[in-house]
Amino acid sequence: MTQQAGLSTIVTSRGIERLVNGQFVMDGAGVKINRVLTGHLQRRLDPFLMLDAFGSDKAGDYIAGFPEHPHRGFETVTYMLNGRMRHRDSAGNEGLVTNGGVQWMTAGRGVIHSEMPEQDEGLMEGFQLWLNLPAKDKMMAPWYRDIPTGEVPRFTNDDGVTVQVIAGETFGVKGAVQRDTTLPLYLDLEIPAGVTFEQPIPQGHNAFFYVYRGEVVVDGKGVGKTRMAILDNAAGADGVRIKAVEPTRLILLAGRPLNEPIAQHGPFVMNTTEQLHQAFDDFRAGRFA
Ligand code: MN
């Protein structure tokens, strides 16, 4: 079920193609975010469209939240490390995503939702990932699931690495969510200092990780806190070998690219400009769920 200490799981590790620092932006009604994946990286990291990291103990950085706004054509995955965020949407779903919990929302043909902090002090820390939907699923009915921390599959391997399996599968442990077509892998790893973790990644899948505590080395290259590392798609590499220099926490993501056109305007991600216009028309006409 877990890898055996000292035994290699993969043969050849992918290397690091590029480090990304991210950009501090304000979004929602004024929430401070480190946006590490967006815009020009969407093609490179297909099927992933966006990754925002947030982490602040200053209420002013998050208190305004994300009042009602629409989405169409993709999925949002919120992973809350610390803090409390209340979700409400036009499909009638409501939930509180809190310490270690995950909220997975498939916008499909459209939802209007709000994401508001339910705390006015203390640390709020976590991630929001946007995962694209294949063209055939962009107009599917919205879907929603709250996954409290106790329901996120997790294990600790013989080397002391704790793995939370948010999506996909690793060492025989199935994640909380599975998706056809893009086969996303979403792991949260806690790696003790000096320990190496190996994760198989299918060839052709795009992959990256984001370090939020500590520091790691991959193929001789160091990756520190608040950096995103894009893994190369080297022919022959069958996974990634990550060695922690310090006690480290990171999220590791991989997925099969859709290789379909990406047309985005703000919270709508479709395949053509015409579909974006349709999204605006439908939203204005109140045709979202
Ligand atoms: Mn949203």
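The values are calculated or read from the model by the stated rules, or taken from the named source; none is laboratory data. These figures come from a predicted structure and were not determined experimentally. All Cβ positions, even for glycine, are placed from backbone atoms using ideal geometry, and neighbour counts span all protein chains on display.
Could you grab me the full set of residues in region 136-178 that are surrounded by fewer than 18 Cβ atoms within 10 Å (Cβ to Cβ) and among the hydroxyl-bearing types (Ser, Thr, Tyr)?
Correct list: 149, 156, 162.
Here's the yes/no breakdown for (1) surrounded by 17 or more Cβ atoms within 10 Å (Cβ to Cβ); (2) over 19 Å from residue 100 (Cα atoms):
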site	(1), (2)
182	yes, yes
185	yes, no
189	yes, no
199	yes, yes
203	no, yes
216	yes, yes
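Determine which single condition residue 152 fails, assuming it passes every other condition in (1) closer than 15 Å to residue 184 by Cβ; (2) touching a residue at least 60 places away in the same chain (Cβ under 8 Å); (3) out of contact with any Leu (no Cβ under 8 Å at 6 or more places or on another chain).
(2)
If residue 111 passes every condition in (1) crowded, with 19+ Cβ neighbours inside 10 Å; (2) of a type in the set (A, V, I, L, M, F, W, C); (3) without any contact (Cβ under 8 Å) to a residue 40 or more places away in the chain but one, which one does it miss?
(3)
Could you please find all residues in region 212-271 being within 25 Å of residue 24 (Cβ to Cβ), of a type in the set (D, E, K, R) and over 19 Å from the mean Cα position of the chain (by Cα)?
Within region 212-271, 215, 221, 246 qualify.
This table checks each residue for (1) out of contact with any helix residue (DSSP H, G or I) (no Cβ under 9 Å at 6 or more places or on another chain); (2) outside any loop (DSSP other than H, G, I, E, B); (3) within 13 Å of the ligand (Cβ to nearest atom).
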| site | (1), (2), (3) |
| --- | --- |
| 81 | yes, yes, no |
| 92 | yes, no, no |
| 108 | no, no, no |
| 114 | yes, yes, yes |
| 121 | no, no, no |
| 136 | yes, yes, no |
| 141 | yes, no, no |
| 165 | yes, yes, no |
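Of the residues 289, 279, only one is at pLDDT below 95 and within 16 Å of the ligand (Cβ to nearest atom); which? Don't jump to the end; show me each part of the working.
Values: 279 fails: at pLDDT below 95.
Step by step, each of 289, 279 is checked, and only 289 is at pLDDT below 95 and within 16 Å of the ligand (Cβ to nearest atom).
Restricted to region 21-48, and to residues that are at pLDDT 95 or above and buried (at least 18 other Cβ atoms within 10 Å of the Cβ), which residue is nearest to the chain's Cα centre (by Cα)?
The first filter runs over region 21-48 and keeps only residues at pLDDT 95 or above, leaving 41-48.
Adding the requirement that they be buried (at least 18 other Cβ atoms within 10 Å of the Cβ) leaves 41-42, 45-48.
Values: 41: 14, 42: 13, 45: 12, 46: 12, 47: 11, 48: 8 Å.
Of everything passing the filter in region 21-48, 48 is nearest to the chain's Cα centre (by Cα).
Per-residue answers, yes or no, for (1) over 30 Å from residue 82 (Cβ atoms); (2) in contact with a strand residue (DSSP E or B) (Cβ under 7 Å, 6 or more places away or on another chain); (3) in contact (Cβ under 8 Å) with a residue 24 or more places away in the chain:
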site	(1), (2), (3)
246	no, no, yes
253	no, yes, yes
259	yes, no, yes
263	yes, yes, no
267	no, yes, yes
273	yes, yes, no
276	yes, yes, no
281	yes, no, no
285	yes, no, no
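Name the residue that is surrounded by the fewest Cβ atoms within 10 Å (Cβ to Cβ), counting only residues in region 49-75 that are part of a strand (DSSP E or B) and away from the ligand (no atom under 16 Å from the Cβ). Steps first, answer last, please.
Here is the first cut: in region 49-75, the residues part of a strand (DSSP E or B) are 49-56, 66-72, 74-75.
From what's left, away from the ligand (no atom under 16 Å from the Cβ): 55-56.
Working: 55: 19, 56: 17.
Out of the qualifying residues, it is 56.
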